[in-house]
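See below for the structure under consideration.
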Amino acid sequence: MTKKLLALLALVPLVMPSTAAAASDVVRTDAGLVQSKTVGEARVFDGIPYAAPPVGALRWKAPQPVQPWDGVRESKLGNPCPQQANSEVPKGSSAEDCLYLNVTTPAKPSTKPRAVMVWIPGGGFFEGAGNSYEASKLAARGDVVVVTVNYRLGIYGFFGYPGLPGSGTFGLQDQQAALRWVQRNARTFGGDPRNVTIAGESAGGMSVCAELTSPTSAGLFSKAIMQSGSCAFNWADNSQYPKQTADSPWHPVRDVEANGKDWAEDKKPDLQCKPGQSTIDCLRGIDSDELLADTFQFTQLGYGGSAVLPLSPAKALQAGLFHRVPIISGNNHDEAAAWLSAFGEIKDYPKLVTDMVGAKQAAKVLREYPLSRYESPAAAWTAVTTDRIWSCTQVASDQQAARKVPVYAYEFADKHSPLAQPGLGAAHAAELVYLFRPGGIDFPLTATQQQLSNQMIDYWTAFVRTGNPNGQDRPHWSPTGRQEVKGLSLAPTDQSGIHPVNLSTEHHCAFWAGLS
């Protein structure tokens, strides 16, 4: 260790006050020292391990404590969790040493601890990474600490096998380990462990719902944000993708375990298990690249096997068995447009509807969504599948949660987000560029879009700080009632602007609830 480094370490106290920590280049976590880098008006501490690498004997086990390190860890993104190549991780990854998080704090000092927002990324439970959500603008403008998290995905995070503790929940356990890390270390970064909000989009929003209903996440957060993902999320036959059977993210653990057992039986002829070695221990020896080839087979979360997820989150929320915290919950106006390419050119709209709901119900859907109302068959199909799969499942969760806690409902409605393909409207994930710098990129926003971005950050971070999104320079946002779900439509002023919207009627949710 150099004299210069020793001199630096001597300046870092073992327990740093929150105001000093927020302005320091080096801070001490409970496992070691980490260094920041400056991004805009924020300090960023990338690549902090929050649990031991889940490799070897730790594959398919609950996350274990991280080993302390010597010296100072530089601010450098850690490995994304294993996933095949995709838009967020173009080269993919097979590195199981991936349980890292990133902390972003305002560069300016504060006289009191700041609220903390923990972001859980989406990606269908088989791809995505907290690394993709650069949060300098969100943290600096909102005066909050932002933590983005990697967690195990696919076969690494949601594998199950008879007798394997934690089957189907390892990814959720990672999220909780990250939240416990925040409880232990928030003050080091100027954050308040008593004022933590969990937030996420798509599978991240569904993860938030799972944590809302998990007994083992009690006390780890005081507010929740679900973007385009809810407890009631599910899809019908031939809806989100062609030839797809009806499904949801939540499966009984016995089904997850049976799926894992069938997969293991198929693998056995190629395994070289030692005499007396258990099947699981033998499977833990498979190379990560080989596992990755089958990762899409394991994207369902198993409930009923442990305290982590004792009930289906949909049933738990409906029964009122969830943590009593304020919630922001919403969708994008044209969510399902993101999946149009899966169907190719859409010409026969009535056939698509019939394939989804059956011949008996198709006439009802076609009367509710007549082709004459839309500019194209693709636009009509987008409306049907957005409402059936995304909007009305979110509305159902909002109604159930609103019986017990304040729920602030919204709909993102900018038709020209730089994250959406031209002509697809406010498609799935199009709002993320208004809160983050995805991939660290400054996507071009018009003046009115920049204004909307500022207003959305102000809504979100006011909620993170206080549990109420309201403040100056933006329209008032009231909690929804328990029957019809009313909230705000979020669009630039040169479109429809920010205005009240009845999400239940906007998306025909009474119709879908009554369709049988």
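The values are calculated or read from the model by the stated rules, or taken from the named source; none is laboratory data. Just so it is clear, the structure is predicted and the values come from calculations on it, not from any experiment. We place every Cβ from the backbone using ideal geometry, glycine too, and count neighbours over all the protein chains shown.
Miscellaneous remarks
- Annotation: of all residues in region 452-472 being free of Cβ contacts under 8 Å to residues at least 60 places away in the same chain and outside any helix (DSSP H, G or I), the one that is nearest to the chain's Cα centre (by Cα) is ASN470.
- Scanning region 253-295 for residues that are closer than 26 Å to ASP97 by Cβ and of a type in the set (Lys, Arg) turns up LYS267, LYS274, ARG284.
- For ALA232, the test of being under 30 Å from ALA140 (Cα atoms) and in contact (Cβ under 8 Å) with a residue 24 or more places away in the chain is failed.
- Count - residues of region 235-291 that are of a type in the set (Lys, Arg) and in a loop (DSSP other than H, G, I, E, B): 3
- Criterion (under 13 Å from the mean Cα position of the chain (by Cα), of a type in the set (A, V, I, L, M) and closer than 24 Å to PHE463 by Cβ) met by exactly one of LEU153, LEU172: LEU172
- Hits in region 368-386 (condition: among the charged types (D, E, K, R) and under 19 Å from LEU515 (Cβ atoms)): GLU368, ARG373
- Residues satisfying the stated conditions in region 339-371, i.e. out of contact with any Pro (no Cβ under 7 Å at 6 or more places or on another chain), without any contact (Cβ under 8 Å) to a residue 40 or more places away in the chain and closer than 24 Å to LEU503 by Cβ: VAL353, ARG367, PRO370
- Test result for ALA401, among the small types (Gly, Ala, Ser) and crowded, with 16+ Cβ neighbours inside 10 Å: yes
- Test result for ALA246, modelled with pLDDT under 95 and in contact with a Lys or Arg (Cβ under 7 Å, 6 or more places away or on another chain): no
- Among the numbered conditions (1) part of a helix (DSSP H, G or I); (2) aromatic (Phe, Trp, Tyr); (3) within 15 Å of GLU506 (Cα to Cα), the only one that TRP381 does not meet is (3).
- Restricting TYR161, TYR156 to residues that are aromatic (Phe, Trp, Tyr), in a helix (DSSP H, G or I) and at pLDDT 95 or above narrows the list to TYR156.
- Just one of the numbered conditions (1) touching a Leu at 6+ places or on another chain (Cβ under 9 Å); (2) of a type in the set (Ser, Thr, Tyr); (3) touching a residue at least 40 places away in the same chain (Cβ under 8 Å) is not true of SER93: (3).
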